[in-house]
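Worksheet for the structure shown next.
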Amino acid sequence: MNQGKLQLTDAFLYDYIPKAERYHLNAIPEEQDLSHEFSKSFLHKMKRLIKQENRTPAMKIFIRQARRVAIIFLLILSLAATTVIGVEALRTRFFDLVVKVYHELTTIDVVSDENGPVDIVFRGIEATYVPLGFEKIQAEEYGISQTIIYENEEKAEIIYMQEYAANMQMGVDTEGTALETFYIGSYEAKYVSNKGEQQLIWFAGDYVYHLIAPLEKEELVKMAESIIEQAAQ
């Protein structure tokens, strides 16, 4: 090797790469030295993303193609509605719930005749009934949605989400099970119990409401009823 000039030979790489690897690995702090704590809602979103990425490549392609077909179909409906109802004053807000079932996932799409939440004043609704032992530990509002997290002494969590409904989509893990449909008052609700996690979803007014918790169905329904009662006031 000439002085002042570095030559990357195979021997050089075999000698120095392991040393560089050990240096960088040793620079990583120990687990107990990491002080940053991610929010509960962030961790929940990451969990959902990991579940989505764990699907097989064939399933990912199928879901992507199905969504494209749904988007094209909704676009045709939107163009037809615009043609038939040309006078803005005669148009009324239209929401529809579209449920698509796949092998490992059920998607719930809420579609409307609106392009988005224009001039929407978000009204956050909280539950007046919370199961015994649970306390609110976190509440975040994002303009047209909110997430509230309740926790008990055993660190079990209730995650409650409220989101403006126009043109939104959510995925529900239904691998090996199915959504159950029933009514809470006059509102249609979707319920699923899967892998120790219960979910309750319903659409009312301008919003979609979503409860996730390791609780009995009856407890989730009681929370939902208290939310519906508050929304009606």
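Computed from the coordinates by the stated procedures, all read-outs in this text should not be read as laboratory data. The structure presented is a predicted model; accordingly, all values stated were derived computationally and were not measured. Reconstructed Cβ throughout: ideal geometry from the backbone, glycine too, with neighbour counts over all protein chains shown.
Tabulated values for the structure
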{"quantity": "Extension gain, Tyr14 back to Lys155 (0.36 nm per residue minus Cα-Cα distance, nm)", "calculated": "45.9 nm"}
{"quantity": "Two-site FRET efficiency, Tyr129 against Glu30, from Cβ-Cβ distance with R₀ of 25 Å, rounded to 0.05", "calculated": "0.05"}
